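*Asks:* Structure below; questions to follow.
Every read-out reported here was derived from the displayed coordinates using simple, explicitly stated rules and does not represent laboratory data. This is a predicted model, so every value here is computed, not measured. Neighbour counts run over all protein chains shown; Cβ positions are idealised from the backbone, glycine included.
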Amino acid sequence: MLDPAILFASVLNGLTTGAVYALVALGLTLIYGVLHIINFAHGASLMVALYAVWLLHARAGIDPYLALPLVVAAMFALGYALQRLIVNRASHGKDENILLVTLGLAIVLENVALLAFKSDTRTIDTPYTLATVAIGPAFIALPKLIAFGGALAAAALLWVIVARTDLGRAIRAVAKEKQGARLCGIDVDHVYAMSFGIGLACLGAAACFLLPAYYVNPQVGAGFVLVAFTIVVLGGMGSFAGALLGGLLIGVVESLGGLWLGESLGQIGIFMIFIVVLLFRPQGLFGARA
Amino acid sequence: MSRLAQDLAGIAAFALVVGAATLMLDSGVWLTFLMMALYAALLSQAWNLLGGYGGQFSFGHALFFGVGAYAQALLQLSSGWNAWLALAGAAALAALAGAGVGALSFRYGLKGSYFALVTLAFAEVARILAVSLGFTGGGVGLMLPLRESAANLQFGSRKGYIALALALVVVALLVTAWLRHSRFGAQLQAVRDNEDAARAIGVDPWAVKLGAIVLSAAFMGTGGAFYVQVFQYIDPAIGFGPSTSVEALVGAIVGGLGTLWGPLLGAAALHLLAELTRNLFGALPGLNMIVYGSVLVLIVMFLPRGLAGSGRSLRDAWRGGRRG
């Protein structure tokens, strides 16, 4: 049997990783919930945000946490523009077209990064990169702890926007009934673009919290895509609370799976959960009945 | 001429033209191009059977490709089967995988994005298993020894492989033509267009979709087996990685979903585009794929019916432009 201290550390580690997963999944679930599209460019967009954080640190010496407002705003603008100028125009109202467009965008973004930064893996060095905090018998990296708190704060902010503001009301109206919302005078295309923008802004925040303890290369997004999809399905597509809980759960499963089964086979736990949930409870563990 | 006879005449003409071109071509570059274009077309045709005619968008067709490829390699390496027999075995095992995935996902009524995601997850599980299990050779993969002879399905010249690929593509064309004019095909398209209405007139959606995924998986499996015979090598990333799934579906959608010639046209056009950009911008890594991705987005923006429906899209745009 495993030492409880190791188990505790592993769960803690999983929770902090899971919080960042949750942040990535929150953006995905918002875009899915409102636009009903699977955004295959989500991973590539996270990669773009990570490079933005890296550039700001390497070229301008801006601390990743201070870069947060800048990167979040830039990612929001990118998302708004992408949806308005490309995805919306190319969709022609057909799901398969949106899917292809986001796939094409992902290919373009990844290869622009490859052209600009080569395929080298890059990290940043901050005074707190190697700092740790003791929690009970376990030590946890300080950047991961900050990421945990930051992800929870971002999720709370997102909830306030969607639940308490006029924009949020419009977003929920469009998500439920597009035509009805249009008849009530809501600019549906604008709401679509705002949702896409907010979805990508979540990635901006995730990138700022990730990079101090992580790395960036042109393919870095791919590892997050399937995990984020898993979380979104697990939590119920379009559900924020579900994405948050699902993210934490998946983080812990990955961490414990890696502990028991080793790095590569450990990943299998995530996908088995994914398949079982899809088959038996496609509305998600926490989602309402579809 | 009936519509079926028209389709059959077209397929015969296609086989003759490609066959004659193969015999006349001498350049190794063009022979390789033709071989890979036919191979890409086979994958897209396989995907089109389920995605185009059945309306079920799979994101994990690499699963069937990989099962076919690994079966082709393992049946020869471990079980000592002849390569031609292994080809049949690979198709059968891939079809079995298709039946398994289909039975589960259609039984639980997964549709649209949910179906796309569950197939993606199945392929990913297979990839992780192929890396972790012993008999698949792990991350290193499997190598097929070089034993050049037609009896071993290893040809000295590209022309032998082209003949095999052409035969597989023609069979896929024939099956597609059959779908277009048979009772089963009509039921499948009815389920695609409106599942509830189809059920109301007595069609069993589960059985019909299951039939489509089995057919589709079998062809995808032969694609994997073909890959192993040509390159004599397979590893988990090539076999089960997402790029094969993407290649299959992009060719079919760009060419034109649910059409006879669309997947062939789309796969050939994309393969040509990939080759051209690689030759033009090969010195700058990434630039070729930027062009590739951009063209993909532009095709979707301006030719929403795919290449096979481009005439209609352009006519509409012309009329719309004049009206507006």
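*Asks:* If you split all Cα-Cα distances of the protein assembly as shown into 20 Å bins from zero, what percentages do you get per bin, shortest first?
*Replies:* Spelled out bin by bin, the protein assembly as shown gives 19, 53, 26, 2, 0 percent.
*Asks:* By what distance, in whole Å, do the Cα atoms of region A:189-290 stretch along each of the three principal axes, largest value first?
*Replies:* Rounded to whole Å, the extents work out to 47, 39, 19 Å.
*Asks:* Would you list A:CYS208, A:CYS184 from fewest to most Cβ contacts within 10 Å?
*Replies:* Result, fewest neighbours first: A:CYS184, A:CYS208.
*Asks:* Longest span of chain A, sites excluded, free of trypsin sites (Lys or Arg not before Pro) in DSSP loop with at most 15 other C-beta atoms within 10 Å?
*Replies:* The longest such stretch corresponds to A:119-288.
*Asks:* Among A:VAL277, A:ASN217, A:TYR192, which residue has its Cα positioned farthest towards the positive end of the charge dipole of the protein assembly as shown, with +1 placed on the Cβ of Lys and Arg, -1 on the Cβ of Asp and Glu, and the dipole taken about the Cα centre?
*Replies:* A:TYR192
*Asks:* Considering all projection directions equally, how large on average is the shadow of the alpha-carbon convex hull of region B:99-146, in square nanometres?
*Replies:* Average projection, Cα convex hull of region B:99-146: 4.7 nm².
*Asks:* Let me ask something additional. What are the equivalent ellipsoid semi-axes of region A:67-173, built from the alpha-carbon gyration tensor (square roots of five times its eigenvalues), in whole angstrom, biggest first?
*Replies:* Square roots of five times the eigenvalues give 33, 24, 12 Å.
*Asks:* What number comes out for the charge environment of A:VAL160, summing +1 per Lys or Arg and -1 per Asp or Glu over other residues with Cβ under 14 Å away?
*Replies:* In short, +2.
*Asks:* Consider a paramagnetic label point 7 Å from the Cα of B:LYS159 along Cα→Cβ; state which residues of region B:11-32 have an amide N under 16 Å from it.
*Replies:* Those under the cut-off are B:16-32.
*Asks:* Counting pairwise Cα distances across region B:207-324, what percent come out greater than 25 angstrom?
*Replies:* Counting every Cα pair in region B:207-324, those more than 25 Å apart make up 38 percent.
*Asks:* Now a separate question. For region B:1-107, take every pair of Cα atoms, bin their distances at 5 Å starting from 0, and report each bin as a whole percent.
*Replies:* Once binned at 5 Å, the Cα pair distances of region B:1-107 give 2, 10, 13, 16, 15, 18, 16, 7, 2, 1, 0.
*Asks:* Could you pull the Rg and Dmax for region A:115-185, using just the Cα atoms, both in Å?
*Replies:* 20.9, 59
*Asks:* Sequence-distant or interchain residues sharing an amide H contact under 5 Å with B:TRP81, placed H: which?
*Replies:* B:GLN76
*Asks:* List the lysines whose Cα lies under 25 Å from the Cα of A:LYS176, skipping any in the same chain that are fewer than 8 positions away.
*Replies:* Partners found: A:LYS94, B:LYS111.
*Asks:* Treat chain A as a sphere of radius equal to its Kirkwood radius over Cα pairs and apply Stokes-Einstein at 37 °C in a medium of 0.692 mPa s; give the translational diffusion coefficient in µm²/s, rounded to a whole number.
*Replies:* Value of D from the Cα-based Kirkwood radius: 169 µm²/s.
*Asks:* Over the Cα atoms of region B:192-250, what radius of gyration and what Dmax do you get, in Å?
*Replies:* 16.3, 49
*Asks:* Oh, and also: So if I take the alpha carbon set of region B:21-172, get Rg, then get Rh from the Kirkwood formula, what is the Rg over Rh ratio?
*Replies:* Checking Rg against Rh, the ratio lands at 1.00.
*Asks:* While we're here: Explain nothing, just the number: relative contact order of chain A, from Cα pairs under 8 Å at least 6 residues apart, as a whole percent.
*Replies:* Numbers: 490 pairs, mean separation 106.9, N = 290.
Once divided by the residue count of chain A, the mean separation gives 37 percent.
*Asks:* Shape verdict for region A:37-82, please, from the Cα gyration tensor: rounded (a/c under 1.5), prolate (a/b greater than b/c) or oblate.
*Replies:* Taking the square roots of the gyration eigenvalues as a ≥ b ≥ c, region A:37-82 is prolate.
*Asks:* While we're here: Run the Debye formula on the Cα coordinates of region A:1-93, all scatterers equal and no solvent, and tell me log10 I(q)/I(0) at q = 0.23, 0.24, 0.26 1/Å.
*Replies:* Values, matching the q order: -1.20, -1.25, -1.33.
*Asks:* Taking the Kirkwood radius as the inverse of the mean 1/r across Cα pairs, report the Rg/Rh of chain B. Walk me through the intermediate numbers first.
*Replies:* Working: Rg = 19.8 Å, Rh = 20.4 Å.
Result for chain B is an Rg/Rh of 0.97.
*Asks:* Return the FRET efficiency for the residue pair A:TRP159, B:LEU314: r is the Cβ-Cβ distance, R0 is 35 Å, and the value is rounded to the nearest 0.05.
*Replies:* Working: r = 47 Å, r/R0 = 1.34.
Working from the Cβ atoms, E equals 0.15.
*Asks:* Can you figure out the FRET efficiency of B:TRP84 with B:TRP178, using R₀ = 22 Å and their beta-carbon distance, to the nearest 0.05? Each step should come with its number before you reach the end.
*Replies:* On the way: r = 24 Å, r/R0 = 1.09.
Efficiency, rounded to the nearest 0.05: 0.35.
*Asks:* While we're on this one: Treat each spin label as a single point 7 Å out from the Cα along the C-beta direction, and report the A:ASP166 to B:GLU148 distance in nm.
*Replies:* Each label point lies 7 Å from its Cα, and together they span 7.6 nm.
*Asks:* Then there's this: Over chain B, calculate the relative contact order: mean separation of alpha carbon pairs under 8 Å at least 6 apart, over the residue count, as a percent.
*Replies:* Value for chain B: 31 percent.
*Asks:* Let me ask you something else. Using only alpha-carbon positions, what ratio does the radius of gyration of region B:181-221 give when scaled by 2.2 N^0.38 Å?
*Replies:* Numbers: Rg = 10.5 Å, N = 41, 2.2 N^0.38 = 9.0 Å.
Ratio of Cα Rg to 2.2 N^0.38 Å: 1.17.
*Asks:* Can you sort A:HIS190, A:HIS42 so the residue with the fewest Cβ neighbours within 10 Å comes first?
*Replies:* Lowest count first: A:HIS190, A:HIS42.
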